[in-house]
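The values are calculated or read from the model by the stated rules, or taken from the named source; none is laboratory data. Small disclaimer: the values here were computed from a predicted structure and weren't measured. Every residue, glycine among them, receives a Cβ derived from its backbone with ideal geometry; neighbour counts consider all protein chains shown. In case anyone asks, the SASA skips ligands and DNA or RNA and just uses the protein heavy atoms, side chains included. Shrake-Rupley method; radii C 1.70, N 1.55, O 1.52, S 1.80 Å.
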Amino acid sequence: MGKLIVWNIASVDGYFEGTEPWDLSMHETVWGDELEALSIAQQEDAEGLIFGRRTYEGMAAHWTRQTGTIADAMNSLPKYVVSDTLTEADWNNTKIISGDIVSAIADLKRAATRNFYVFGSADLLSTLLAAGIVDEYRLGIAPLLLGRGNLLFKPSDERIDLKLLKSQPLMNGGIVLYYGVENASA
C-alpha cells in the first residue's frame, strides 16, 4: 500500500501563495540544489501526483513548457486531478477524480506500491486532512514573513496531531519539516 504525502512550501507566517494567484515568488528563497534533489527523489518514489483543479491547471500550464529532469518526470508521471467541473484533462497521463474523492484516493493508496504526492492544492488538502487519509506532510518553510496571501491551512474545527519525523535545514536558511499524521487511515 502506498502513502499519501503532501508537499508544500510556505512562509513562516503560513502563506503558500501571495495575494495574486500563482504568486509563488517566495519559493525562490528556498529553491536550490537541496530542494532540487528532494524533488527528484520524490518523483522517483511517486506512484502518481494528485492535484486540485486550480493547482492542476497552473502546473500543467507551467510544466508542459519546461525541459529537464524534473519537467520530464512531471510530464510523464500519472496524475490525478480532483474536480467536479473538469470534463477533460489534457496534461499527459491525467485522470479526473470526482464525486467521492476520499474513497477514490483511499482506493488508489491501497492499490499502490509506491507513494502518491499532493503538491499545493490547499483546498483539497483541507478535505484530505479532515478525512484522515494523509499519511505524511512535508513542509518547506521559506525564511520570510509574507504578511498576507493565501493561507496554506484553512480554518478547521478539527485538531490534527502531527509527529515530527525529520527536519532538514537548508543552506539558504529554509527548512524542510517531515511530519507523520497521527490519525491517518487507508
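Please name all residue pairs, on different chains or six or more residues apart, with Cβ atoms under 6 Å, provided the first residue is in the range 120-138 and is in contact (Cβ under 8 Å) with a residue 12 or more places away in the chain and the second residue is among the aromatic types (Phe, Trp, Tyr).
Short answer, once both residue conditions are applied: Ser121/Phe51; Tyr137/Tyr179; Arg138/Trp7; Arg138/Tyr178.
Please specify each residue of the range 11-45 satisfying the condition of being buried (at least 17 other Cβ atoms within 10 Å of the Cβ), among the small types (Gly, Ala, Ser) and over 24 Å from Ile105 (Cα atoms).
Ser11, Gly18
Is the range 28-42 home to any residue that is in a strand (DSSP E or B) and not aromatic (Phe, Trp, Tyr)?
No: the range 28-42 contains no residue that is in a strand (DSSP E or B) and not aromatic (Phe, Trp, Tyr).
Would you check if Lys79 is closer than 19 Å to Glu57 by Cβ, open to solvent by less than 30 Å² (accessible area, probe 1.4 Å) and among the basic types (Lys, Arg)?
When the stated conditions are applied, Lys79 passes them.
Pick from Gly48, Gly58: which is open to solvent by less than 20 Å² (accessible area, probe 1.4 Å), in a helix (DSSP H, G or I) and either in contact with a Pro (Cβ under 8 Å, 6 or more places away or on another chain) or free of Cβ contacts under 8 Å to residues at least 24 places away in the same chain (or both)?
The match here is Gly58.
Which condition breaks for Asp84 when tested against (1) part of a helix (DSSP H, G or I); (2) over 17 Å from the mean Cα position of the chain (by Cα); (3) of a type in the set (Asp, Glu)?
All conditions are met except number (1).
Scan (1) part of a strand (DSSP E or B); (2) β-branched (Val, Ile, Thr); (3) open to solvent by less than 30 Å² (accessible area, probe 1.4 Å) for the single condition Ile96 breaks and write down its number.
Failing condition for Ile96: (3).
Would you check if there is a residue in the range 129-138 being touching a Gly at 6+ places or on another chain (Cβ under 8 Å), at pLDDT 95 or above, open to solvent by 20 Å² or more (accessible area, probe 1.4 Å) and outside any helix (DSSP H, G or I)?
For the range 129-138, residues touching a Gly at 6+ places or on another chain (Cβ under 8 Å), at pLDDT 95 or above, open to solvent by 20 Å² or more (accessible area, probe 1.4 Å) and outside any helix (DSSP H, G or I): present.
Restricting to the range 147-176, give me the number of residues that are surrounded by 15 or more Cβ atoms within 10 Å (Cβ to Cβ) and either touching a helix residue (DSSP H, G or I) at 6+ places or on another chain (Cβ under 6 Å) or without any contact (Cβ under 8 Å) to a residue 40 or more places away in the chain (or both).
Looking only at that region, the number is 5.
Of the residues Arg148, Arg159, Arg138, only one is basic (Lys, Arg) and closer than 19 Å to Ala46 by Cα; which?
None of the others qualify; the one that does is Arg138.
Determine, yes or no, whether Met74 is crowded, with 20+ Cβ neighbours inside 10 Å, touching a residue at least 24 places away in the same chain (Cβ under 8 Å), touching a helix residue (DSSP H, G or I) at 6+ places or on another chain (Cβ under 6 Å) and part of a helix (DSSP H, G or I).
For Met74, the condition - crowded, with 20+ Cβ neighbours inside 10 Å, touching a residue at least 24 places away in the same chain (Cβ under 8 Å), touching a helix residue (DSSP H, G or I) at 6+ places or on another chain (Cβ under 6 Å) and part of a helix (DSSP H, G or I) - is met.
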